[in-house]
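Read the figures in this text as sums done on the coordinates, not as results from a lab. What you are looking at is a predicted structure, and each value in this text was computed from that prediction instead of being measured. When we count neighbours, we look across all protein chains shown, and the Cβ atoms used for this are built from the backbone with ideal geometry, even at glycine.
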Amino acid sequence: MFRIRFAKFEPTLYVFKYKKGRITTQGEGLSFRYYAPGTTLVAVPIGSVDASFMFSETSADFQELTIQGQMTYRISDPVKTAKMLNYTIDSFALSYISDDPAKLPERLINLAQIAAKGAVKRLSLKEAIVSSDSVAQSVYKSMTEDNMVKNLGVQVLSLSIAAIKPNPETAKALEAETREEILKESDEAIFRRRNYAVEQERVIRESELNTEIAVENKNREIQETRMETKRLAQQKQLEMKETELRFTIQAEEQNRALVDLRTRNERTEADAKAYALREIMKVYQEVPAEVLKALTSAGIDSGRLMALAFQGIADKADKIGNLNITPDLLNTIIGGNGD
């Protein structure tokens, strides 16, 4: 009675139930009763498994490398796996009776190591350190195409390489070399930055000089324009003065012509008056003196007549002995002159 047992398996286990050497039941996550002395059970895990690995290899320049990564796989064909490895479990304890289930990841890691060795041996140390992704792709491709993996009924889901590292001594040397390169690049960057600053300063100075030159040229143009404007103004003033002088000369010439004409007219008039006077004098010369005096005294006031009388007296003073002028006569003369 105690030899008839009940087994219930997880969905991630593919179970084969053998009886008398033949498979009577197989499938995922089965549960059934069985007779333990006459039944053989095989349970193949079909869930995905993560297998971490770390192994050492040698680069193309004979430098030791440590490759660290992880592979994810699953058993896609449990029949093939059950034929290649012993996944038999104890009918009573329901535990594996061999260590073959633990050998599968080891075999896969060994295949991955062989593939990684083939990928790394073509790379130098420096190239290998920075080629994690390309090495991982190469190893993954090799694993998916490997016949042993196919015969094991395994499907490699993914493979990644976390790091490819040199040994500590080489790493220190590389760090020192890299540090020197970084410092050198830093110095070159500082040098380039200083050169750039100097170049920019030169460009700025050239721009300032060009600006000053442009300003000087503009000032010179302004000065030339002012001088030209002043010259034109002076030339205009000179032309105006010349025009004014010409007008003045013309006016003076016209004035001179006018004066000449006036002088000629006055001379002609004077000649005419002199001629008339000469003719009149000729007439007067023929008239007796007494008639002229009488004509002259006609219409003259008493004062002027007395003046003429005294003038006649003065003319004949040598013939007059005494001349008496009374006060009444003098008052009459003065009064008459005052009127």
Handout entry: Count of region 32-67 residues which are surrounded by 14 or more Cβ atoms within 10 Å (Cβ to Cβ) and either out of contact with any strand residue (DSSP E or B) (no Cβ under 7 Å at 6 or more places or on another chain) or closer than 26 Å to residue 80 by Cβ (or both)
Key = 13
Exercise for the section: Considering every residue within region 161-183, establish whether at least one is surrounded by 10 or more Cβ atoms within 10 Å (Cβ to Cβ), on the phi > 0 side of the Ramachandran plot and of a type outside the set (Val, Ile, Thr). Expected result: no
Exercise for the section: Specify which of the listed residues (31, 59) is small (Gly, Ala, Ser) and under 60 Å from the mean Cα position of the chain (by Cα). Expected result: 59
Handout entry: Some residue of region 118-133 being at negative phi, touching a Gly at 6+ places or on another chain (Cβ under 9 Å), assigned to a helix (DSSP H, G or I) and not basic (Lys, Arg)
Key = yes
Handout entry: So residue 251, is it within 30 Å of residue 70 (Cβ to Cβ) and over 27 Å from the mean Cα position of the chain (by Cα)
Key = no
Problem - strands (runs of 3 or more DSSP E) fully within region 31-70 counting 3 or more residues that are closer than 30 Å to residue 114 by Cα - result: 39-45, 49-58
